[in-house]
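**Student:** Sharing a structure here in structure tokens format.
The values are calculated or read from the model by the stated rules, or taken from the named source; none is laboratory data. Note that the coordinates shown come from a computational prediction; the quantities given were computed from them, not determined experimentally. Cβ coordinates were reconstructed from backbone atoms using ideal geometry, including for glycine residues, and neighbour counts include every protein chain displayed.
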Amino acid sequence: MSLTHFLKETGIRKTLLEMVPKTVRPIIEEAGYQLTTVMDYGKRDMFTSVAVETTSVCTRRCSYCPVGDDTLRNQRPQQDMGDSVYNPIILDLQNMGYAGTLALQHYGEPLRDKKLVKRVDTARKLLPNAFILIRSNGDLLTPRTLDNLIAAGIDEVFVTTQV
């Protein structure tokens, strides 16, 4: 587990930030970022989060989402990402020893991607220290799908709600 994930999981980061004045928090945030990237990667100029939208298709039209509007939705290809795009991304991350967060979603509904479990499995095998997650509206989430995602190595499935 990387230092970034340890601090997030234990709540130490949040507790420390609550103890200092708000004006000092940005400085601590930046120092924390620099420290964790040096400890995780041996250098300061490394990103710690990657989002890969494996499908641009969504099952909802949420008012707060840019693709909830049909005009914007129709400007995007409505399709799943091909393996010829996904696999090189994961291989590039593996080659750099990536240990940050890998979010397999963006505006599309990740559970709509029929290859999602396979993609999580591939990412887990090639990025053993990454924190792999999805954020989903939950429309297509079933106990079986959740079990399969957990078996494939997902760290977090976050289900959002529309208010």
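**Student:** For segment 134-141, does any single residue satisfy the condition of being within 16 Å of the chain's Cα centre (by Cα), modelled with pLDDT of 95 or more and assigned by TED's automatic domain parsing to the domain that holds residue 54?
**Tutor:** Yes.
**Student:** Quick one: which residue in 111, 102, 91 is in a helix (DSSP H, G or I), under 17 Å from residue 50 (Cα atoms) and assigned by TED's automatic domain parsing to the domain that holds residue 68? Can you show your working first?
**Tutor:** Working: 111 fails: under 17 Å from residue 50 (Cα atoms); 102 fails: in a helix (DSSP H, G or I).
On inspection, the qualifying residue turns out to be 91.
**Student:** Residue check, residue 142 against (1) surrounded by fewer than 17 Cβ atoms within 10 Å (Cβ to Cβ); (2) in contact (Cβ under 8 Å) with a residue 24 or more places away in the chain, all met but one. Which one?
**Tutor:** (2)
**Student:** Go through segment 71-88 and give me each residue that's assigned to a loop (DSSP other than H, G, I, E, B) and among the small types (Gly, Ala, Ser).
**Tutor:** Passing the criteria: only 82.
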